[in-house]
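What follows draws every value from the coordinates through simple rules; no lab data is involved. Values in this document were obtained by computation on a predicted structure and should not be read as measured data. So basically every Cβ, Gly included, is an ideal-geometry build from the backbone, and we count neighbours across all protein chains shown.
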Amino acid sequence: MSAIPTDTLLAQLNWRYATKKFDPARKIPAATWSALEQALVLAPSSYGIQPWHFVVITDGRLRQTLKASAWGQAQVTDASHFVVFVHKNSIAEADVRKFIDFTTAERGMPHGALQGYQDMMIGDLVKGPRSAWIKEWAARQTYIALGVLLTAAALLGVDACPMEGIDPAKFDEVLGLSAQGGSAVCACALGYRAADDKYAAAKKVRYPAGEVVEHR
């Protein structure tokens, strides 16, 4: 498969910004949104275990309710699509076995072929020191998926705004996430910028590579 030109990648990453004002009349085409959902599905995670799920909120009344728990930010209701990122609150041996069974089935491997990998995962995530802070670990994994979504959106010419300005406990309550064993960690509004969003023309401010990239 051929790679996209490097100048195209950099141009789109320079084009994107945290969109503050969306055009409510513009909707993301179904095919484009399907590709963005697949980008979420394809996001990498440690061990490949995917300790997350993503709630795409399309119901207008529900988005109004969530807006009240997001400091009244208009992106929640005005963007074409609104995604809540949810991480698992715990990982049990059953979760690991489910993932291993799914992996062996998908790859046509014999049962037990990944026993060593399964034991390592259980020893780390379920019984090891990491289990004491597994919620934080899972939340960190979820941010990887957010980064993938933001990059994919930029490459497809879709505007996005990552949002930590939410009340996770309220989101959990409204969406019934605790009963599903998860917690909201962040959200992302996606759509198309309004013509009068003043931030669209603002110069992107980033420290030069020499200050943030170190070569050894």
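Here is how the numbers come out for the structure above:
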| read-out | value |
| --- | --- |
| Amide proton proximity set for TRP52, modelled H, under 5 Å, gap of 5+ | LYS88 |
| Per-selection Rg to Rh, the stretch 31-92 - Cα, Kirkwood hydrodynamic radius | 1.04 |
| Karplus-derived HN-Hα couplings along the stretch 52-62 (A = 6.51, B = -1.76, C = 1.60, θ = phi - 60°), whole Hz, x at Gly and Pro | 7, 8, 10, 9, 8, 9, 10, 5, x, 5, 5 |
| Approximate shape of the stretch 1-52 as ellipsoid semi-axes (Cα gyration tensor, √5λ), whole Å, largest first | 24, 19, 13 |
| Cut-off under 5 Å, modelled amide H: who pairs with ARG193 long-range | ASP23, ASP159 |
| Charge context of VAL84, other residues only, Cβ under 11 angstrom, K/R +1, D/E -1 | 0 |
| Dipole in debye (nearest 20) - the chain, about Cα centre, beta carbon charges: Lys, Arg +1; Asp, Glu -1 | 400 debye |
| Rg/Rh ratio calculated on Cα atoms of the stretch 70-127 (Kirkwood radius) | 1.28 |
| Per-selection Rg to Rh, the stretch 95-216 - Cα, Kirkwood hydrodynamic radius | 1.08 |
| In nm, spacing of pseudo-spin labels at ALA179 and ASP197 (7 Å Cα→C-beta vector) | 3.4 nm |
| Cross-link pairs LYS21/LYS135; LYS135/LYS198; LYS88/LYS198; LYS67/LYS204; LYS20/LYS170 - those with Cα-Cα distance over 30 Å | LYS21/LYS135; LYS135/LYS198; LYS88/LYS198 |
| Ordering of 160-169, 76-85 by packing [mean C-beta count within 10 Å, highest first] | 76-85, 160-169 |
| R0 of 22 Å, Cβ-Cβ distance ALA3-HIS215: FRET efficiency to nearest 0.05 | 0.45 |
| Calculated over the chain: convex hull of Cα atoms, volume per residue (Å³) | 183 Å³ |
| Net lengthening on full extension, MET109/ALA169 (0.36 nm per residue, minus Cα-Cα) | 17.5 nm |
| Cubic angstrom per residue, convex hull over Cα atoms of the stretch 1-116 | 186 Å³ |
| Rounded if a/c under 1.5, otherwise prolate or oblate - the stretch 159-216, Cα gyration tensor axes | oblate |
